[in-house]
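Reviewing the structure listed below.
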């Protein structure tokens, strides 16, 4: 379990992370989402004791990272997969970390096997592809068989097989009761992997909720319908528009997108006015849409950078002062 | 966690963090040192540094002794050749220790190091210890080789005593070990090889050259309190010294300790 309380990181005038408070619980995959520069990596580095918080604290099982005696057996982390000495073999890179934590060297070979790097284990890490580096990073995170995993963009640079492999691995780890905290900018991937979401924007917590609730909150009722006959289509649109809060868009091919009505409601209405339908379905909101809706209000880098303060009343007044 | 060999594959799947302040368990400072040792020898740089150090020792001591013979200098202890060679050979140690630290920053692997050993003082102490041990062993080995080369080249213009020679060999080793600690400290403070090497070349070579080149008692006195000036006083025999060898060792040690503390201050304060 990771506990983050009032975590704040200030670089000069810029608040990179602003009073973050959330928990990452065991037994599920918690996705960490936010636009570039929202403070995800900084938050993770503070959890891992690499960066010092300006205020607040981050605890792992109730303790700061720096107090862990054999940290790799408590937390497995993968930050920048490329951060390996290029002349050092992947295996030696792991052996050095294993030695520091009293982990037997045979465990290094085990995790290398697990991530499928056995063959390349003794090659200089500089010769690895991005995907192989990613696998080495995962191997490093698994080295101490830790109950907590912190993974920053683990699927970066992986091929589709690798992405599937990470997803399964991460799900398995959570199913075994471990705490998994995972950041990714790949929404479709996150939707498949995470059970819970922590969303931040401009360093501030925007949402801390289950995936299901997050999607439900974002999806207003909406549906798509195909009405082949133009006259019937016009009838249906007219009838739909009589209600408040309903908007209809008609595409060139005659497909209707109805906001504010479910497929069931539209079906009933169509039946009632004897309109033939060729297709009718609810529009499911993807994580990407839900996320975009949420962060649209707080995206730091929109076009032109003039969006200094569309967010909120309490936003930091010093945006753009530096840099 | 009470057992010293931790069950890395735990059979019980309760996911409590298996971590308690177990100083006796593997890991800790011993683990950190083992880790630094592994990292040091897994790349080519230290080997090249040691090879370079050996070559410089051979050439320097050969010329030192040859010049003494040709110019008919007074007879001196044979170990003085190796002791004098430290002025150049120390840079083999400096580069070795610098790269051991700065390569971690340039490659980003320092994050992996700090994740496995989050107690930063321990990371630095382990690195300093490993560098010092390597520098001591290398320094004494170089001194032995240098003394042998010089003995041949002196061709009778040097005196040999087992006791004094052994002491000089150990003194060179000690000096190199202290230079290694000094370097690790500076490197942790500067983080970049260029900055680290500039500082150390200035401190250990350029500044002494300028001070001694300009001459005068005040400048010589300043030089006596710089690391190499002081080191020279406990490595070389027979020259006049303003203080005893123990004081000389303390002066160099004070430089090393100061650099270590400055490096530690930066390492603890700054984000990795």
Residue A:69: passes all of (1) within 9 Å of chain B (Cβ to nearest Cβ); (2) under 22 Å from residue A:127 (Cα atoms); (3) touching a helix residue (DSSP H, G or I) at 6+ places or on another chain (Cβ under 8 Å) but (2)
Just one of B:160, B:154 is under 20 Å from residue B:74 (Cβ atoms) and surrounded by fewer than 18 Cβ atoms within 10 Å (Cβ to Cβ); which is it?
-> B:160
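Here's the yes/no breakdown for (1) within 14 Å of another protein chain (Cβ to nearest Cβ); (2) under 30 Å from residue A:260 (Cβ atoms); (3) surrounded by fewer than 17 Cβ atoms within 10 Å (Cβ to Cβ):
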| residue | (1), (2), (3) |
| --- | --- |
| A:175 | yes, no, yes |
| A:185 | no, no, yes |
| A:199 | no, yes, no |
| A:233 | no, yes, no |
Exactly one of A:56, A:90 is modelled with pLDDT of 95 or more, more than 23 Å from residue A:174 (Cα to Cα) and out of contact with any helix residue (DSSP H, G or I) (no Cβ under 7 Å at 6 or more places or on another chain), and that residue is A:56
Looking at the stretch B:231-260, which of its residues are over 16 Å from residue B:83 (Cα atoms) and either in contact with a helix residue (DSSP H, G or I) (Cβ under 7 Å, 6 or more places away or on another chain) or outside any helix (DSSP H, G or I) (or both)?
-> B:242, B:243, B:244, B:251, B:253, B:255, B:256, B:259, B:260
Give the residue that is farthest from the chain's Cα centre (by Cα), with candidates limited to residues of the stretch A:51-66 that are facing another protein chain (nearest Cβ under 7 Å) and surrounded by fewer than 17 Cβ atoms within 10 Å (Cβ to Cβ).
-> A:66
Of (1) more than 25 Å from the chain's Cα centre (by Cα); (2) more than 19 Å from residue A:152 (Cβ to Cβ); (3) free of Cβ contacts under 8 Å to residues at least 60 places away in the same chain, residue A:6 satisfies all except one. Which?
-> (1)
Residue in the stretch A:134-142 that is over 25 Å from residue A:185 (Cα atoms), more than 7 Å from chain B (Cβ to nearest Cβ) and surrounded by fewer than 24 Cβ atoms within 10 Å (Cβ to Cβ) present = no
If you check residue A:104 against the conditions, is it closer than 28 Å to residue A:121 by Cβ, within 9 Å of chain B (Cβ to nearest Cβ) and surrounded by fewer than 24 Cβ atoms within 10 Å (Cβ to Cβ)?
-> yes
If we scan the stretch A:60-71, do we find a residue that is farther than 19 Å from residue A:149 by Cα and at pLDDT 95 or above?
-> no
Counting just the residues of the stretch B:108-124 that are within 14 Å of residue A:69 (Cβ to Cβ) and outside any helix (DSSP H, G or I), which one comes out farthest from the other protein chains (Cβ to nearest Cβ)?
-> B:119
Could you say whether any residue in the stretch A:32-50 is over 19 Å from the mean Cα position of the chain (by Cα), closer than 19 Å to residue A:146 by Cβ, at the interface with chain B (Cβ under 9 Å from one of its Cβ atoms) and assigned to a loop (DSSP other than H, G, I, E, B)?
-> yes
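The values are calculated or read from the model by the stated rules, or taken from the named source; none is laboratory data. Remember, it's a predicted structure, so these values are computed and weren't measured experimentally. Counting neighbours? That spans all protein chains shown, and the Cβs are built from the backbone with ideal geometry, glycine included.
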